[in-house]
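Here's the structure, in structure tokens; my notes come after.
The values are calculated or read from the model by the stated rules, or taken from the named source; none is laboratory data. In this text, all values refer to a predicted model and were calculated from it rather than measured experimentally. Here Cβ is always computed from backbone atoms with ideal geometry, including for glycine, and neighbour counts include all displayed protein chains.
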Amino acid sequence: MSLSEAGARRLSRYLLICALGVLTLGFFAIGLAARPGDGAELRLALSWYVVHQLQSPLLLPLLIATAMATTALFVVMLPAQRAFRRAKQRGALPEQTSSAFEPQDVAREARGMLEPWLSESTDPTRLADALFGTLVDIGGSRLRLVGGSPRVAIELSAAMERHRVGELSQASYRRLLDHLRELLGLARDGAGWIEFHGRPDASEGLRIAIDSDEQSATVLIESSRLRPFAWPLTEQGLPAARLTPLAAALSHNKGVVVLAGADLDLMVLGYAIAHHFHATRPGSRIVSLERDVPLALPYVDQHVVGRADPGRVCRSLIDRGPDLMLMRGIGGDSLLRELDDCAKKRLVVFCMRGRLERTARRASAHFTNLSAFIWRRSLRRLCDRCRTTVAAPALSDEFARRGVTVSAWYEAQGCQACRGRGFHGFTAIYANAADSEDASDLYRQCAVLLEQGVVSAAEVKSALGELR
């Protein structure tokens, strides 16, 4: 079995350190024996020992150990380097690798960043900046602060994991609320939200929301880009009819689970499944092969395929014996053959871009061990601060032909809070197959969202156009 690049470097480093240590010890021993007064006497003593005193019980073992360590260094390095070069030429090595680490490390780092700012004497402006900066630097999805108790807990959500990273006194929390309400332009006990972006066209930004009731106020500070990664699989809005077969497929040790939809949907659902597998099977090893890594998952060994051959890289990862293989943003016939063969012994999650009917056909044609198929389509949520009811659009006729009634329709014109877009955040609809029964269920899911004012008719029309 050939060594990986990291393994070869690590072993070579250890052997080199041992060899240098033995050489240093040898020179030190010679120096003690000769007690030279300067460098010239040391060289003279060394030459005399080598020429005349090879029978010394001290020097000979040291020279032998040094020779053995140096020989072992080259013996290990040369074949390892040759194997690494051959694997690289064959395209069997990923371009980038990110090793798994403990999720608690993220929480520990966040606690360290927040701790200096949680005292009673901290200015609320500096506290707010610390909260904003911690969320961005950690790469978290959101920070949540809930009042109503003597000590206000600060909860961090990052990569579907949730951790308590600090707490505030009620006095500090009230000062923070006053500052944030002033920032949002709200009354003293008001509720609302707003998004801040570095540039008008930037997707990166922070969403700050305050939700008040008679007993307490909740503050949410969310990353605009990473917000979809705040919820685990069971909180992704999957209907029970979709979640149950998916959870059953993930409880097995082999088979293929195909996720279909657009890039963002595949990324959100794929990462949520990886977290679910990690949470339900502690100690399991999860390996991913992706086109890019937009979010570092602490419980996954993530690999970027780059310009390498996906099929060969997949084979090299399979040989390491993972419990779950997650493939996202890549394809090719050689990869699909490797995955179908791998699914006979291991569990594989494969992300497939495309419309519902087309991806369902491809999944059935390529995988003989298909365990589950899930299609997801994200829908933009209407801004709840500027949405209004409107007359039924032409789309209502299509719902009527399906036997589905929608009693209310909503649109949003845009306001200062949503930066004039009329939308904030996302929700999603799901399907398991491309048959007529599943299509009718999608219409029913959309009807519920329409009546509740969650989505607009235009958004639903665009989504339903991707069924075929």
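A few comments on the model shown:
- Only one entry in LEU467, LEU450 is hydrophobic (A, V, I, L, M, F, W, C), out of contact with any Asp or Glu (no Cβ under 6 Å at 6 or more places or on another chain) and within 30 Å of LYS254 (Cα to Cα), namely LEU467.
- Checklist (1) surrounded by fewer than 16 Cβ atoms within 10 Å (Cβ to Cβ); (2) within 14 Å of the chain's Cα centre (by Cα); (3) among the hydroxyl-bearing types (Ser, Thr, Tyr) applied to THR234, failing item: (2)
- Just so you know, in region 82-110 the residues that are part of a helix (DSSP H, G or I) and polar (S, T, N, Q) include one that is modelled with the highest pLDDT, and it is GLN104.
- Scanning region 278-315 for residues that are over 14 Å from the mean Cα position of the chain (by Cα) and in a loop (DSSP other than H, G, I, E, B) turns up ARG281, PRO282, GLY283, SER284, ARG285, VAL305, GLY306, ARG307, ALA308, ASP309.
- Residues located in region 332-357, provided they are farther than 15 Å from LEU317 by Cα, part of a helix (DSSP H, G or I) and without any contact (Cβ under 8 Å) to a residue 40 or more places away in the chain: ASP333
So that you can scan it fast, the table gives a plain yes or no per residue for (1) outside the structural domain of ASP178 (by TED's automatic domain parsing); (2) more than 13 Å from the chain's Cα centre (by Cα); (3) surrounded by fewer than 18 Cβ atoms within 10 Å (Cβ to Cβ); (4) part of a loop (DSSP other than H, G, I, E, B):
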| position | (1), (2), (3), (4) |
| --- | --- |
| ALA209 | no, yes, no, no |
| VAL219 | no, yes, no, no |
| ALA248 | yes, yes, yes, no |
| VAL257 | yes, yes, no, no |
| ALA260 | yes, yes, no, no |
| LEU264 | yes, no, yes, no |
| VAL268 | yes, no, no, no |
| ILE273 | yes, no, no, no |
| HIS276 | yes, no, no, no |
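- Enumeration of residues in region 359-379 that are assigned to a helix (DSSP H, G or I) and over 17 Å from GLY332 (Cβ atoms): ALA360, ARG361, SER364
- Residue tally, condition closer than 30 Å to THR134 by Cα and in contact with a Leu (Cβ under 9 Å, 6 or more places away or on another chain), over region 226-254: 6
- Test result for GLU459, of a type outside the set (S, T, N, Q), within 30 Å of THR244 (Cβ to Cβ), in a helix (DSSP H, G or I) and within 33 Å of the chain's Cα centre (by Cα): yes
- Filtering region 123-163 to residues that are of a type in the set (Gly, Ala, Ser) and crowded, with 22+ Cβ neighbours inside 10 Å leaves GLY140, SER141, SER157, ALA158, ALA159.
- Per the conditions (1) of a type in the set (A, V, I, L, M); (2) touching a Ser or Thr at 6+ places or on another chain (Cβ under 9 Å); (3) closer than 28 Å to ARG468 by Cβ, the sole criterion not satisfied by ALA412 is (3).
- Only one of ALA428, ALA372, ALA412 that is assigned by TED's automatic domain parsing to the domain that holds ALA248, more than 30 Å from the chain's Cα centre (by Cα) and either over 26 Å from GLY261 (Cα atoms) or buried (at least 18 other Cβ atoms within 10 Å of the Cβ) (or both): ALA412
- Tally of residues being in a helix (DSSP H, G or I) and more than 17 Å from ARG227 (Cβ to Cβ) across region 111-166: 15
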